[in-house]
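The values are calculated or read from the model by the stated rules, or taken from the named source; none is laboratory data. Here the structure is a predicted model, which means the values were calculated and not measured. Note that we place each Cβ from the backbone using ideal geometry, even for glycine, and neighbour counts take in every protein chain shown.
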Amino acid sequence: MPICHANDVAFILNDRPDLARDLGCDGVHIGPDDMPYKQARSMMGADAMIGVSCKNSRHLAMEFAEQGADYVAFGPFFESTTKNVADVEPADPEVLNIWAETTNVPCVAIGGITVANCEPLIAAGADFLAVSSGIWNYADGPAAAVKAFNAKFIAEQSS
């Protein structure tokens, strides 16, 4: 968290609103099975960022957005080495496009994203990408991965 804050980047903890609150994190990301959104909001307070995974469900995303979620996440879009998603049907990038056209709540694409496969998700309307192994396992190192992802967003904005 100190490294993030020193670089003016929000620190969002995954899955644990209680720990995020106790540590003073900027926010928390929860899945629909982690904790009800309203309970997480009550625990974290009005100023914290709370994002919610919605798998491939626009309906679920709309419910969370109406409750006040700061962002919604769709996915997984690809197989992941970070989480077991073998039993989950991959999300369709079209969900990002429809979401971007119908709401102002930011959306995040998540699940198995790499520099090599992210372009269709960015083009479809992902505001952000949640990436883990695509950063840490990048052949040229994590810093190069971040630069490469940023370049993909810049290229999409220029087109």
Would you check which residues across region 78-99 are buried (at least 18 other Cβ atoms within 10 Å of the Cβ), at pLDDT below 95 and closer than 27 Å to residue 38 by Cα and list them?
85, 91
Is it fair to say residue 15 is under 13 Å from the mean Cα position of the chain (by Cα), surrounded by 12 or more Cβ atoms within 10 Å (Cβ to Cβ) and among the acidic types (Asp, Glu)?
yes
For region 106-125, does any single residue satisfy the condition of being polar (S, T, N, Q) and farther than 18 Å from residue 151 by Cα?
no
Quick test of your reading of the structure: residue 25 fulfils all but one of (1) in the same structural domain as residue 96 (by TED's automatic domain parsing); (2) in contact with a strand residue (DSSP E or B) (Cβ under 8 Å, 6 or more places away or on another chain); (3) more than 19 Å from residue 111 (Cβ to Cβ); (4) not acidic (Asp, Glu). Name the failing condition by number.
(1)
